[in-house]
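A short reminder: the numbers here are calculations on the coordinates, not readings from a lab. These numbers come from a predicted model, not from an experiment. Ideal geometry is used to build each Cβ from the backbone, glycine not excepted, and the neighbour counts take in all protein chains shown.
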Amino acid sequence: MQDSLVNVKARLGSTKFITDAEEHAHITIDEDICVTCPHENCMNACPAQCFEKIDGRMKFTYEDCVECGTCDIVCTPGSVTWYNPRGNFGVNYRYG
Amino acid sequence: MVTKSRFPCIVVGAGMAGCAAALRLRQKGVDVLLVERADEGGAKNLSGGILWGDDWAELIPDWKEEMPVERPVSNKKVGFLGAESAFVVDYHDESMKEDTVGYAVLRAKTDAYLLKKCQEAGVTVVTGVHVEDLYKENGVVRGVVAGGEVTTADVVIVADGANSRLTLSGDLRHGQKKLDEHHYALGVKEVLKLDKAVMEDRFHIGEDGGMAGEYVLGRDDGVMAGGFIYTNEDTLSLGVVVNLATLPQEKGNTLSTHDIMEQFRLHPYVQKLTHGAELVEYGAHLVPEGGYQAFSELSADGALVVGDAAGFCFSNGIVIQGMNYAVRSGVCAADAVVHAVGKNDFSAVTLSHYEKLLHKTGVMGDFERFKNVSKALWNPRMFSKYPDFLSNMFRGILTADGPKKKMRAHLTDAMKASGVSKRELMTDALTAGANL
Ligand SMILES: Cc1cc2nc3c(=O)[nH]c(=O)nc-3n(C[C@H](O)[C@H](O)[C@H](O)COP(=O)(O)OP(=O)(O)OC[C@H]3O[C@@H](n4cnc5c(N)ncnc54)[C@H](O)[C@@H]3O)c2cc1C
Ligand code: SF4
Ligand code: SF4
């Protein structure tokens with residue numbers, strides 16, 4: 001669903017983020033676990049479409065994450081390691 | 001490093017639950033440290049949302065004048081959206097303005113105000129600090145870990161919201177290491193800017209009224225989702241709440257929560273209401289909806305859990321009540337801490353006074369009652385069949401076909417067209433009726 005990806009990124013453009021450096025990415029995945037995943041539910045569940053399959057490998061990007069926690073819930077194989085970003089970093093709602 | 005703090009109590013999280021707890025503690029003379037990970041109060045928080053009831057009055061008598069709320073609800077819409085149809089009950093009641101049954105709110109504004117209110121009351125507030133974990137000695141919660149450093153207190157009130165990392169890492173969820181997808185829905189929300197005069201005209205709400213609309217989204221793919229539209233001062237809140245366990249589970253089916261939001265946004269009924277409005281924010285947040293069975297541990301040695309973190313949120317897919325319970329549980333927890341300070345005993349047994357207060361103030365009773373409502377409304381037929389059924393039926397009655405047929409015939413036709421059986425209709429109507 002490429003359209004959908006383009007779309008959500010455009011809508012996320014309205015949201016304010018304070019992005020931390022990559023070495024402090026608050027969520028990581030283990031791509032080798034993803035290869036064995038029976039459902040890839042992270043792709044359906046993530047409202048910011050931070051999960052994308054590229055050349056058969058699951059890729060995760062943390063920058064647009066709105067910290068909802070859904071990927072951690074649906075990732076039954078245990079590939080997702082989930083932390084909150086460091087204080088002040090990440091999504092900063094102006095409305096909420 | 002372990003720093004012994006002078007605070008009997010640390011509250012983690014300055015949402016409605018944490019702010020209510022901290023404010024109450026100060027008002028009862030207990031020193032409290034409130035830690036919030038956002039730099040500015042409210043910047044991490046998102047709801048629909050309508051703040052129902054008058055629970056803040058106990059803590060802030062003038063809250064209705066002071067709190068930066070949006071519009072009071074004077075018009076309530078409840079509807080079923082089919083693929084291209086909408087069946088909507090539209091209830092206007094001017095007296096709701098005076099009684100102010102509920103206000104639309106934007107949490108970045110309300111929670112920033114609440115944090116300031118806490119500061120003014122003498123709560124020690126630190127923002128921009130993420131609490132990484134609860135600090136335990138021999139299984140007893142003794143403080144919090146932030147920036148790798150420990151700060152101790154007699155008791156910690158955990159108010160870190162729906163995605164409660166602290167109850168998971170601190171082992172306060174009955175041994176669970178992960179939240180259960182059956183107990184959470186995901187809310188996806190957009191805020192759209194709309195000219196005030198246009199809004200007041202379009203929604204028939206006038207300068208001093210507001211609209212709260214909640215809709216069952218008819219889908220034939222088994223996904224259960226509800227939609228909402230709320231009028232704020234000069235913005236609209238538009239969103240969907242998706243039952244996570246009903247998302248497609250097979251590989252390659254990439255229907256996403258974002259797509260469900262898009263489908264709602266682009267529905268002809270919604271488009272007419274939002275025409276000309278401009279997107280100013282996109283966000284998402286979990287909604288606890290497991291009720292009773294999904295509660296975290298409420299009191300432990302040295303800790304209490306409040307608000308969404310504990311699971312005090314009720315949702316049936318279309319109506320959500322969480323902010324009011326966040327306030328009420330925060331107050332109960334604060335009073336339990338006052339009780340424990342009086343005894344100088346912070347054991348689970350003494351702190352379980354919290355549960356007694358939750359019962360006494362009716363919070364627990366409400367969740368016992370909600371148990372059945374939730375079951376009645378999160379019913380697959382509600383989403384797969386009824387939106388079509390209602391459209392078929394009312395299209396029959398309200399269009400040219402109408403007068404020629406008897407009501408009964410329209411009902412039978414609609415049941416046939418949407419595949420609802422008489423027995424199903426009876427059972428669902430009875431359960432819904434008995435529980436609403
Ligand atoms: C889409 C949607 C619609 C909703 N609609 C309604 C509605 O119409 N009416 C209603 O009553 N309720 C509604 N709710 C529910 C309501 O938003 C919640 O019940 C309520 O916000 C719970 O308050 P809380 O204080 O427990 O949690 P939150 O408001 O989530 O506050 C948690 C706080 O803790 C902070 N925090 C978290 N972790 C840490 C940490 N480790 N260290 C430091 N700080 C931390 C966060 O930054 C945040 O400030 C809705 C929810 C959603 C998602
Ligand atoms: S659900 Fe988890 S294991 Fe499966 S693809 Fe997504 S991240 Fe990987
Ligand atoms: S926390 Fe939410 S927004 Fe962030 S990656 Fe996970 S599902 Fe996506």
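For the protein assembly as shown, what size does the Cα cloud have along each of its three principal axes, sorted from largest down, in whole Å?
For the protein assembly as shown, the Cα spread along each principal axis is 80, 60, 45 Å.
Of all beta bridges DSSP finds with both residues in chain B, what is the antiparallel percent, to the nearest 5?
Antiparallel bridges: around 70 percent, rounded to the nearest 5.
For segment A:2-86, what does the relative contact order come out to in percent, with C-alpha contacts under 8 Å and a separation of six or more?
Relative CO of segment A:2-86 lands at 38 percent.
Quickly estimate the mean residue ellipticity at 222 nm for chain B, helices only: each DSSP H run with n ≥ 4 gives -39500 (n - 2.57), and the total goes over all residues, rounded to 500.
About -10500 deg cm²/dmol.
Kindly write out, for segment B:208-220 in residue order, the coupling ³J(HN,Hα) from the Karplus curve 6.51 cos²θ - 1.76 cosθ + 1.60 (θ = phi - 60°), rounded to whole Hz, with x marking Gly and Pro.
Result, ordered by residue: 10, x, x, 10, 10, x, 10, 9, 7, 9, x, 9, 9 Hz.
At a 10 angstrom cut-off on C-beta neighbours, averaged per residue, how do the peptides A:60-72, B:31-43 rank from highest to lowest?
B:31-43, A:60-72
How many angstrom lie between the C-alpha centres of segment B:303-322 and segment A:1-72?
26
Quick one: check the C-alpha center-to-center distance for segment B:328-354 versus segment B:1-67, whole angstrom.
Measuring centre to centre over Cα atoms gives 17 Å.
Need one number: the % of Cα-Cα pairs in segment B:182-288 sitting beyond the 24 Å mark.
27
Subtract the Cα-Cα distance of residue B:394 and residue B:120 from 0.36 nm times their separation in residues, and report this length gain in nm to one decimal.
Between residue B:394 and residue B:120, full extension yields 93.1 nm more.
Charges at C-beta only: +1 for Lys and Arg, -1 for Asp and Glu. How large is the resulting dipole of segment A:2-86 about its Cα centre, in Debye rounded to 20?
It comes to approximately 300 debye.
Counting only Cα, what are the radius of gyration and maximum Cα-Cα distance Dmax of segment A:1-56, in Å?
Values for segment A:1-56 (Cα only, Rg and Dmax): 13.1, 35 Å.
Give the Rg (one decimal place) followed by the Dmax (whole number) of segment B:258-362, computed from C-alpha coordinates and expressed in Å.
19.4, 61
For the charge dipole of segment B:81-240, defined by +1 on Lys and Arg C-beta atoms and -1 on Asp and Glu C-beta atoms about the Cα centroid, which residue among B:141, B:83, B:158 has the Cα displaced farthest towards the positive pole?
Towards the positive end, the residue furthest out is B:141.
Report the label-to-label distance for residue B:339 and residue A:17 in nanometres (one decimal), using points 7 Å from each Cα along the Cα→Cβ vector.
4.5
Kindly give the semi-axes, whole Å and largest first, of the ellipsoid equivalent to chain B, taking each as the square root of 5 times a Cα gyration tensor eigenvalue.
41, 24, 19
Let me know the Rg and Dmax you get for chain A when you use only its Cα atoms, in Å.
Rg then Dmax for chain A, in Å: 13.3, 40.
Where does segment B:90-148 land on Rg(C-alpha)/(2.2 N^0.38 Å)?
Compared with the compact-globule rule of thumb, segment B:90-148 sits at 1.89.
Using +1 on the beta carbon of Lys and Arg, -1 on that of Asp and Glu, and nothing else charged, what's the dipole of the protein assembly as shown about the Cα centre, debye to 20?
1340
Using only atoms on other chains, find how many Cβ atoms lie within 10 Å of each Cβ of peptide A:74-80 and report the average.
Across A:74-80, the average partner-chain Cβ count within 10 Å equals 2.
What is the average number of partner chain Cβ atoms found within 10 Å of a Cβ in B:35-46?
What the average comes to for B:35-46 is 5.
Kindly state, to the nearest 0.05, the FRET efficiency for residue A:33 paired with residue B:149, given R0 = 30 Å and r defined as their beta-carbon distance.
The value I calculate is 0.35.
Percent relative contact order of chain B, based on C-alpha pairs within less than 8 angstrom and at least six residues apart?
With pairs under 8 Å counted, the relative contact order is 19 percent.
Quote the Stokes-Einstein diffusion coefficient, in whole µm² s⁻¹, for segment B:71-187, based on the Kirkwood radius over alpha carbon pairs, a temperature of 37 °C and a viscosity of 0.692 mPa s.
Answer from the Stokes-Einstein relation: 175 µm²/s.
Of the listed peptides A:13-19, B:177-183, what is their order by residue-averaged count of other C-beta atoms within 10 Å, with the highest listed first?
Ranking the peptides A:13-19, B:177-183 by packing returns B:177-183, A:13-19.
About the Cα centre of chain B, what is the dipole size in debye to 20, counting +1 per Lys and Arg Cβ and -1 per Asp and Glu Cβ, all else neutral?
So the dipole magnitude of chain B works out to roughly 1240 debye.
Using amide H atoms built in the peptide plane, which far-off residues or other-chain residues are under 5 Å from residue B:279 H to H?
B:193
Please give the average number of partner chain Cβ atoms lying within 10 Å of the Cβ of each residue in A:34-46, rounded to a whole number.
So the per-residue partner count for this stretch is 5.
Quick one: if you stick a label point 7 Å off each Cα along the C-beta vector at residue B:93 and residue B:174, how many nm between them?
Calculated label separation equals 3.6 nm.
Can you tell me how much longer the chain between residue B:349 and residue B:266 gets when fully stretched, taken as 0.36 nm per residue apart minus their C-alpha distance, in nm with one decimal?
Additional length available on full extension: 24.6 nm.
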